[in-house]
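This report refers to the structure that appears directly beneath it.
The values are calculated or read from the model by the stated rules, or taken from the named source; none is laboratory data. Every value quoted in this text rests on a predicted model; they were computed, and no experiment measured them. Methodologically, a virtual Cβ is constructed for each residue, glycine included, from the backbone with ideal geometry; neighbour enumeration extends over all protein chains shown.
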């Protein structure tokens, strides 16, 4: 796009301007689906990040830019514009070549003025972007500035887990252009941490290798250090993991991100009391973090499990359950589509013997999950547990465990559902070796897990004891055809 081409369009020509706007790289063109994110929670997280980045002008400028877009989505156009202008001011204070950091901010400002009807201002920012592109050519119209790839990557990481893979690709592209940049290395490490299914051996872990490289580029990043500690703990590298976590906490003990991950490390390692102490410190500084309240609920839950379960264990267990409920209620209030916390809250209502409230909460959770098309699998598992242990309905428990397993057998929830189904079937077969339904359940599990011959044997027994069952006949037909 050239300046001459832009001059052909008058400020009043909205349609022509929009054609140009759609070619920009900024939050307005990155296909961010606002329906799948809690905008108030995202706003809170960005404001917290700005506070953390006060001494880092580029980081704060990036967060103000994203916050401007979020405030636009919330309908606060004046506040949106104010945040974008703060982003521009901080980026300019960066000094030499500051224009490279303004591409996304100027793109957002162009869109903002377009929506405000200020076409002349919109055109000014489009012209500024032409100047940046001419000053910093990338050699190809399809290649972006590394700062744009980086800002896009951080946006995807902040927005929603469904964008993590896109974030990973953005940081990879940035690193292709600037392989030694500490920020792009950090972003790529975090994106891998959140997406990679770890291999059996630590030396084959892309996440571990990239975290090490990112720390080498920025040895003072305590968040990266504690993330590496958490990941090494999965590979039983406990000595190095604990050293890294201790060093990270000593380096940046007031950083809420460090505190929460250190707390998570100790919770997973069994030091729940120490984890609670750390998380409470973080909550004192930031009481609006849904993540922190959820982590505290998990800690209280773990203490509960250590003490033998929730049912009929006295006043102390009741207090723990209600503390879990308190933190889960806060988490789900702060983040209205926190699906996992909502399902856990429903289960805790049931453990507090409020079955009606638990049922209502589960139905609300199913509704929200279907609206935003995510996390249905764990809800089916939790609801199966609710039906089995609290409503004493094995029929509905089996139905929802099956739904969970159908949505994926290799996930944690899928594996747990498979185990629950097997236990239920085996219990029934101990009472009655001719229970066709129990064999049908086992057949279903074997089929879902890809064990077709075992599934065939189970369904044959199921049909033998329940001859006219259409489900078993259909499964047998499919299995026999697949084994031919």
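Listing for the model above:
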{"read-out": "Conditions (1) without any contact (Cβ under 8 Å) to a residue 60 or more places away in the chain; (2) within 30 Å of residue 336 (Cβ to Cβ); (3) under 17 Å from the mean Cα position of the chain (by Cα): number failed by residue 160", "value": "(1)"}
{"read-out": "Enumeration of residues in the stretch 57-75 that are in contact with a helix residue (DSSP H, G or I) (Cβ under 9 Å, 6 or more places away or on another chain) and part of a loop (DSSP other than H, G, I, E, B)", "value": "74"}
{"read-out": "Residues of the stretch 66-80 that turn out to be surrounded by fewer than 20 Cβ atoms within 10 Å (Cβ to Cβ) and over 20 Å from residue 53 (Cβ atoms), as a count", "value": "6"}
{"read-out": "Filter pass, residue 177 being without any contact (Cβ under 8 Å) to a residue 40 or more places away in the chain, under 21 Å from residue 208 (Cβ atoms), touching a helix residue (DSSP H, G or I) at 6+ places or on another chain (Cβ under 7 Å) and not assigned by TED's automatic domain parsing to the domain that holds residue 101", "value": "no"}
{"read-out": "Residue list for the stretch 219-239, restricted to those being more than 19 Å from residue 267 (Cβ to Cβ) and surrounded by fewer than 16 Cβ atoms within 10 Å (Cβ to Cβ)", "value": "219, 220, 239"}
{"read-out": "Residues satisfying the stated conditions in the stretch 119-153, i.e. crowded, with 16+ Cβ neighbours inside 10 Å and outside the structural domain of residue 61 (by TED's automatic domain parsing)", "value": "144, 145, 146, 147, 148, 149, 150, 151, 152, 153"}
{"read-out": "Boolean, residue 224 is under 20 Å from the mean Cα position of the chain (by Cα) and either touching a residue at least 24 places away in the same chain (Cβ under 8 Å) or under 27 Å from residue 338 (Cβ atoms) (or both)", "value": "yes"}
{"read-out": "Failed item, numbered, when residue 94 is tested on (1) part of a helix (DSSP H, G or I); (2) touching a residue at least 12 places away in the same chain (Cβ under 8 Å)", "value": "(1)"}
{"read-out": "Boolean, residue 275 is in contact with a helix residue (DSSP H, G or I) (Cβ under 8 Å, 6 or more places away or on another chain), touching a residue at least 40 places away in the same chain (Cβ under 8 Å) and crowded, with 20+ Cβ neighbours inside 10 Å", "value": "no"}
{"read-out": "The one condition in (1) surrounded by 17 or more Cβ atoms within 10 Å (Cβ to Cβ); (2) more than 30 Å from residue 197 (Cα to Cα) that residue 401 fails to fulfil", "value": "(2)"}
{"read-out": "Residue match in the stretch 136-147 (condition: under 16 Å from residue 59 (Cα atoms) and either at pLDDT 95 or above or part of a helix (DSSP H, G or I) (or both))", "value": "yes"}
{"read-out": "Yes/no for residue 350 being within 24 Å of residue 292 (Cβ to Cβ) and more than 19 Å from the chain's Cα centre (by Cα)", "value": "no"}
{"read-out": "Residue check for residue 359: surrounded by 15 or more Cβ atoms within 10 Å (Cβ to Cβ), in a loop (DSSP other than H, G, I, E, B) and touching a helix residue (DSSP H, G or I) at 6+ places or on another chain (Cβ under 9 Å)", "value": "no"}
